[in-house]
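Inspection log for the structure reproduced underneath, given as C-alpha cells.
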Amino acid sequence: MTSFPVEPFAIEPESAELNPQKRVMLLKPRGFCAGVVRAVDIVRIALETFGAPIYVRKEIVHNSFVVNELAEKGAIFVDDIDDVPEGMRVIYSAHGVSPAVRQRSKERGLKVIDATCPLVTKVHVEAVKFARQGYSLVLIGHRDHDEIEGTLGEAPDVTQVVSSAEEVASLQVPDPNRVAYLTQTTLSLDEARDIIQALKEKFPKIVGPHSQDICYATENRQVAVKNVAHTADLVLVVGSTNSSNSNRLVEVSRNLNTVAHLIDNSNAIQPSWLEGVSTVAVTAGASAPEILVSEVVAYLRGKGFGTVDEVEVMPENVRFGLPAEIVQAIGPAAVAAR
Ligand code: SF4
C-alpha cells in the first residue's frame, strides 16, 4: 500500500543562529494512521483508474491540506449523497455512513467505493448486534461528528449520544438492566473512561464492546503526548480544527499543564508562542500528512531550534487492505505491487 506523498524531511541549512540548547522533539507515532492511508489511497487510485471526477461524500479525512490536494486532482467533495449526479461513482469517507445513506446511494444508482475505516465498521457491527439483542444503546461521542452520525444511523430508535459524564444523569431508558455502550473511535481516553464510569454507576449491568472502540492510532498518539508533554515547554499539534483526534491531543497536553496549540500548518504558529521556550514537542493528528510536520520543523529551525530529535514512544505497524471495489478494478497484482 502506498502512502500519501511525503516530502523529504526539510531541515534548513546550518546557520550560526542555531542554538543546540533549543530542542524540537518529534513524537512518534504521529500523523497518518492506517485508516487514513487507506482512505487517501482509495481516492488517489480511483482518480488514476476511473478518471476525474470522482465524488466523495464528506471530507475523506478531516484535514484541509489533504482535501484540497485531492480536489485539485479531480475529487469533488459533497455533503449530501443527493449532490452526486445519478449513476456516478462516489466514495464514502473514512468516518463511515449510516444505512440510510447506503440506501439512498442504491436508489440513485451510484457506484459506491467504501473507504470507511475498518475500525469504524467494527463499531457499526457492534451497534447492530446490541440493538438486535434488545439493548438500549449509549453512544459516547461528539454529536456533530461524521462518525457519530453514521454509527447513530445503525439503530437510531434505541441509541442516545452522550458527550460528557454530566449528561449521563439525564439518560432515560426503558430497561436499566439492558443497556450497552459504544464509543467514537477518536475520543480522549481519559474522558471516555470517566463517562463509562458514570454509566456504570447509573446502570450497573451495562455492557460494552469486547475490546475498546477508541482506536489504536488515537490511543498511541495520546500516550506519546502523555509520555513527553511534561518535558516540553510547548506542544504543537498539526491537524485541522475539525479533526477530533487532533483536538484530543491538545487537550491531553493541556490537562498535563503544558501549553499546546492546534495548527493547520506552520503559518499558524505565532512567534510569541516561542518566547522563553527551549523545548517544543511536535506531533500530528491521524489525518495530518508528514509534509506539514516537516514544514513546522523547518519553521522552528528558522527560529534557532538547533536540535531535532525523534522520540519514539512505541512502534506502530498497522496496515489495512484496500476494499474489494478497488482490488477488482486494478487487480490483485497491482495491489500487491503498491
Ligand atoms: S483514527 Fe482510528 S478509526 Fe479513524 S481512520 Fe484512523 S485508525 Fe481508523
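FYI, it's all coordinate maths here, none of it is from the lab. Since the structure is predicted, the reported quantities are computational estimates derived from the model, not experimental observations. Reconstructed Cβ throughout: ideal geometry from the backbone, glycine too, with neighbour counts over all protein chains shown.
Observations on the structure shown:
- When DSSP beta bridges are restricted to pairs lying wholly in the chain, around 0% turn out antiparallel.
- Taking the stretch 55-72 and a reference point 7 angstrom along Cα→Cβ of Ala268, the backbone N atoms nearer than 17 Å belong to 59-69.
- Shown in residue order for the stretch 103-110 are the 3J(HN,Hα) couplings computed by the Karplus curve 6.51 cos²θ - 1.76 cosθ + 1.60 at θ = phi - 60°: 5, 5, 4, 5, 4, 8, x, 7 Hz (x for Gly and Pro).
- Among Asp82, Asp213, Asp114: highest mean-square fluctuation, GNM of the chain, C-alpha pairs under 10 Å: Asp82
- Cut-off 10 Å between beta-carbons: net charge of the residues surrounding Val120, Lys and Arg +1, Asp and Glu -1: -2
- Rounded to the nearest angstrom and listed largest first, the equivalent-ellipsoid semi-axes of the chain from its Cα gyration tensor are 35, 28, 15.
- This model, with +1 at the C-beta of Lys and Arg and -1 at the C-beta of Asp and Glu, gives the stretch 144-289 a dipole about its Cα centre of some 460 debye.
- Its relative contact order, with pairs defined as Cα atoms under 8 Å and 6+ residues apart, puts the chain at 28 percent.
- Counted charge near Cys215, where neighbours are those whose Cβ lies closer than 12 Å (Asp, Glu -1; Lys, Arg +1): -1
- Local net charge near Arg102, Cβ-Cβ under 12 Å (Lys/Arg +1, Asp/Glu -1): +1
- Cβ-based charge dipole, the chain, positive-most Cα from Leu182, Thr49, Gly306: Leu182
- Amide H contacts of Phe77: Val56, each under 5 Å away and 5 or more positions distant or on a separate chain (H built 1.01 Å from N in the peptide plane; Pro and chain starts excluded).
- Sorted by Cβ density within 10 Å, fewest first, the residues Arg143, Arg108: Arg143, Arg108
- Using a Förster distance of 25 Å, the FRET efficiency for Lys111-Ala336 (Cβ separation, nearest 0.05): 0.55
- Cα gyration tensor shape of the stretch 119-202, rounded if a/c is under 1.5, else prolate or oblate by comparing a/b with b/c: oblate
- Centre-to-centre separation between the Cα atoms of the stretch 17-54 and those of the stretch 160-205: 33 Å.
- In Hz, Karplus ³J(HN,Hα) per residue of the stretch 245-253 (6.51, -1.76, 1.60; θ = phi - 60°; x = Gly, Pro): 5, 5, 4, 5, 5, 5, 4, 4, 5
- A crude spin-label estimate for the pair Thr49 and Gln197, with each label 7 Å from Cα along the Cβ direction, gives 4.7 nm.
- Theoretical ellipticity at 222 nm over the chain - DSSP helices of four or more residues, -39500 (n - 2.57) apiece, nearest 500: -11000 deg cm²/dmol
- The phi torsions of the stretch 74-80, fed into the Karplus equation with coefficients 6.51, -1.76 and 1.60 and a -60° offset, translate into couplings of x, 7, 10, 8, 10, 8, 10 Hz, rounded to whole numbers, with Gly and Pro shown as x.
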